[in-house]
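Visitor: Pasting in a structure now, in structure tokens, and then I'll have a few things to ask.
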Amino acid sequence: PTGFESKFHDMAAPKLTGITISTNSVNTNSGDVEIDVTVSGTDNLSGISSVYIGFRSPGGNQYVNKYLSLTSGTNLNGTFTGKITFKQYCEAGEWQINALQLHDKVSNSLSLGNSDLTTMGFGLTVTVEE
């Protein structure tokens, strides 16, 4: 029966509930710089299995990315954190989040780009200073 399937089978993607970064400006002239990234999310049944975030350089040719780890809460309602490294000599200017993905344990996924995140009020950028 349809009601049985919807109650016991996870068909819904995880939901993004928050995103923060430790700073929105870095200076990489003297070396690599790490920033802290925190993403919070919920899933209705199977739980979030992975959270991925990536930033793209202003010119679109350089990327920094990371899979985040569950650091508080549960995989049904948790906070995932990690460090993103901006390398010395990387392109200066405004780096935007080009990919944020939340996957649950049965392969449902939420995939958001910069415009999606901006629309949702989560549009964050990191400015790499020259």
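The values are calculated or read from the model by the stated rules, or taken from the named source; none is laboratory data. A quick note: this is a predicted structure, and the numbers were derived from the prediction, not measured. FYI the Cβ positions are ideal-geometry reconstructions off the backbone, even for glycines, and counts take in every protein chain you see. Heavy atoms of the whole protein, side chains included, go into the accessibility calculation; ligands, DNA and RNA do not. Shrake-Rupley method; radii C 1.70, N 1.55, O 1.52, S 1.80 Å.
Visitor: Compute the distance in nm between two label points, each set 7 Å from the Cα along the Cα-to-Cβ direction, one at SER115 and one at THR127.
Guide: That separation, rounded to one decimal, is 2.5 nm.
Visitor: Within the stretch 24-94, which trypsin sites (Lys or Arg not before Pro) sit in a loop by DSSP and count at most 15 neighbouring Cβ atoms inside 10 Å?
Guide: Answer in residue order: LYS87.
Visitor: Assuming R0 = 25 Å, what is the FRET efficiency of ASP36 and VAL106, from their Cβ-Cβ distance, to the nearest 0.05?
Guide: Numbers: r = 30 Å, r/R0 = 1.18.
E(calc), rounded to 0.05, equals 0.25.
Visitor: Which of rounded, prolate or oblate describes the stretch 82-121 when judged by the alpha-carbon gyration tensor and an a/c cut-off of 1.5?
Guide: Since a/c reaches 1.5 but b/c is at least a/b, the shape of the stretch 82-121 is classed as oblate.
Visitor: Moving on to the next point. For the chain, report the accessible area per residue in Å² (1.4 Å probe, heavy atoms, rounded to an integer). Can you show the working numbers first?
Guide: Working: 7040 Å² over 130 residues.
Each residue of the chain exposes 54 Å² on average to a 1.4 Å probe.
Visitor: I would also like to ask the following. Starting from the Cα of ALA99, step 7 Å along the direction of its Cβ; do the same at THR17; then give the gap between the two resulting points in nm.
Guide: 2.6
Visitor: Then there is this: Could you compute the FRET efficiency for THR74 and SER25, with r as their C-beta to C-beta distance and R0 at 25 Å, rounded to 0.05?
Guide: Result of the calculation: an efficiency of 0.15.
Visitor: Please give the calculated 222 nm ellipticity per residue for the chain, where each DSSP H segment of at least 4 residues contributes -39500 (n - 2.57) and the sum is spread over every residue; nearest 500 deg cm²/dmol?
Guide: -2500 deg cm²/dmol
Visitor: For the stretch 37-95, count all C-alpha to C-alpha pairs, find those more than 16 Å apart, and express that count as a whole percent of the total.
Guide: 50
Visitor: Now for a different question. Rounded, prolate or oblate: pick one for the chain, where a ≥ b ≥ c are the square roots of the eigenvalues of its C-alpha gyration tensor, a/c under 1.5 means rounded, and failing that, prolate if a/b is larger than b/c, else oblate.
Guide: Prolate.
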